[in-house]
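Working notes, beginning with the structure itself.
The values are calculated or read from the model by the stated rules, or taken from the named source; none is laboratory data. In this text, all values refer to a predicted model and were calculated from it rather than measured experimentally. Cβ placement follows ideal geometry from the backbone for every residue including glycine, while neighbour counts extend to all protein chains displayed. For accessibility, only protein heavy atoms count, side chains too; no ligands or nucleic acids. Shrake-Rupley method; radii C 1.70, N 1.55, O 1.52, S 1.80 Å.
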Amino acid sequence: MTDTVAGLMPVAEAQARLLADAPIVATEMLSIESAAGRWAARDIAALRTQPVNDLSAMDGYAIRFADLPGPFGVIGESAAGHGFDGQVGPGQAVRIFTGAAMPAGADTVMVQEEVRRDDARATLTGEGPASIGQNVRRQGLDFAQGATLIAKGDRLTPARIALAATAGHGSLQVNRRVRVAIVATGDELVAPGAPLVGAQLPESNGVMLAALLADLPVELINLGILPDRIEALTSAFAAIDADILVTTGGASVGDHDLVRPALIAAGGAIDFWRIALRPGKPMMAGTLGRAIVLGLPGNPVSAFVTAHLFLRPLIAAMGGAADPLPRSLQAILGAPLPANGPRQDYLRGRTEQGRVVPAAIQDSSMLLTLARSDCLIVRAPHAAPAQAGDSAEIHPFA
């Protein structure tokens, strides 16, 4: 292990180590309507050619290019799903509509805006097609039967669902939902909306994480709030039936930080702990039976950042994603940044008028700053000062 700071694991190394041990969940066959948002468990090939025939790309008249400039005798009509069965001969045209099959003999379409129609006679009034095949979508323009359209590990986005349906699929092989158990720890915490007494705090991490994972194919198990008692934590951990156990709070080194000893007492093991990042240094990763355990900090901003960097990628990897890491883009800074320290920093920022502006105060306790941000600005360890107009790496929020 190569430390950025003594005793701390670099972010990229921690991500690689976590994902390398992530087992992919079992597959299942789902109807195409139910498969959206999952990852393809195998390559998806076209069962048909699209388009299956030459089609008109415009409303107009199907003709032989060699017969231009006409005039043309109109001998019939071709509409989508109702083609023209005859043959287009010299000097002839067929009225055709967008998406309709090109009639035999025709190779070009005159657009209707450039044609004057007098009963069965069509006369070109504009410049007309400049080349043979103009305004025609050739057979197989989109894809051919047998072509791989969606690769194993690709996310089944709305566009890919439409592609698979057009390719002839009514069901798809995908990876099942990942079961994620979430538990908050801390005697000071009460459920959101409950009356507060003294120094009690509303528990916000559970609802935040549920919202952060809402776009992923997960089955959430809310274990609520557990007290700072090792017996209660150990008992709850031992009863877990999930692919991932996520804890928030109790993962640091204080007398009431009991997640690590409770995990070990329940039969689990620690893989690594303490990451060279800010915010979120105390994050922990381990195993408990078949479950992977992520111990996130109790600070909600730190929990958000570590969930973005580790929990979401872990779910994606277990769900079969070919590329599970967060999406990274380059953006132009709208304000200067000071030199960075030895830990990788994730600054809360907001895009304004095409530039990304870091929040004025980066204190990790400030949820309002996080709520007003739409991205994280990544600052590498020991990064030099940056000026407005410089390029910066950002992670847009999902």
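It is to be established whether one or more residues within region 42-60 are among the basic types (Lys, Arg) and under 31 Å from the mean Cα position of the chain (by Cα).
Checked region 42-60: at least one residue is among the basic types (Lys, Arg) and under 31 Å from the mean Cα position of the chain (by Cα).
Could you check region 153-197 and list, in sequence order, the residues that are over 28 Å from Ala321 (Cα atoms) and either at pLDDT 95 or above or not aliphatic (A, V, I, L, M) (or both)?
Within region 153-197, Thr185, Gly186, Asp187, Glu188, Pro192, Gly193, Pro195 meet the criteria.
If the requirement is being open to solvent by 40 Å² or more (accessible area, probe 1.4 Å), closer than 18 Å to Leu212 by Cα, touching a residue at least 40 places away in the same chain (Cβ under 8 Å) and under 22 Å from the mean Cα position of the chain (by Cα), which of these qualifies: Leu314, Leu294, Leu309, Leu325?
Of the residues listed, the single one that is open to solvent by 40 Å² or more (accessible area, probe 1.4 Å), closer than 18 Å to Leu212 by Cα, touching a residue at least 40 places away in the same chain (Cβ under 8 Å) and under 22 Å from the mean Cα position of the chain (by Cα) is Leu325.
Scan region 341-366 residue by residue and report those that are under 22 Å from Met283 (Cβ atoms), open to solvent by 70 Å² or more (accessible area, probe 1.4 Å) and not charged (D, E, K, R).
Ser365
Keeping to region 206-232, report how many residues are farther than 30 Å from Pro324 by Cα, crowded, with 18+ Cβ neighbours inside 10 Å and touching a helix residue (DSSP H, G or I) at 6+ places or on another chain (Cβ under 8 Å).
Step one: list which residues in region 206-232 are farther than 30 Å from Pro324 by Cα, which gives 226-232.
Retained after the next criterion (residues that are crowded, with 18+ Cβ neighbours inside 10 Å): 226, 228.
Restricting the remaining residues to those that are touching a helix residue (DSSP H, G or I) at 6+ places or on another chain (Cβ under 8 Å) gives 226.
The qualifying residues number 1.
Cβ contacts < 9 Å: first residue closer than 22 Å to His308 by Cα and in contact (Cβ under 8 Å) with a residue 12 or more places away in the chain, restricted to region 377-394; second residue open to solvent by 60 Å² or more (accessible area, probe 1.4 Å) and among the acidic types (Asp, Glu), any location; separation 6+ or different chain. Result?
Short answer, once both residue conditions are applied: Ile377/Glu393; Val378/Glu393; Arg379/Glu393; Ala380/Glu393.
I'd like to know if region 142-155 contains one or more residues that are without any contact (Cβ under 8 Å) to a residue 24 or more places away in the chain, within 32 Å of the chain's Cα centre (by Cα) and under 30 Å from Asp241 (Cβ atoms).
Within region 142-155 (the criterion being without any contact (Cβ under 8 Å) to a residue 24 or more places away in the chain, within 32 Å of the chain's Cα centre (by Cα) and under 30 Å from Asp241 (Cβ atoms)), the answer is no, since none of the residues qualifies.
Could you look through region 367-376, keep only residues that are under 21 Å from the mean Cα position of the chain (by Cα) and free of Cβ contacts under 8 Å to residues at least 60 places away in the same chain, and pick out the one that is surrounded by the fewest Cβ atoms within 10 Å (Cβ to Cβ)?
It comes out as Ala371.
Scan region 109-139 for residues that are assigned to a strand (DSSP E or B) and either of a type outside the set (Lys, Arg) or crowded, with 19+ Cβ neighbours inside 10 Å (or both) and jot them down.
Step one: of region 109-139, the residues assigned to a strand (DSSP E or B) are 109-111, 115-118, 121-124, 136-137.
Once the filter is applied, which keeps residues that are assigned to a strand (DSSP E or B) and either of a type outside the set (Lys, Arg) or crowded, with 19+ Cβ neighbours inside 10 Å (or both), region 109-139 yields Val109, Met110, Val111, Val115, Asp118, Ala122, Thr123, Leu124, Val136, Arg137.
Could you grab me the full set of residues in region 50-86 that are of a type in the set (Asp, Glu) and either open to solvent by 50 Å² or more (accessible area, probe 1.4 Å) or closer than 30 Å to His169 by Cβ (or both)?
Asp54, Asp59, Glu77, Asp85
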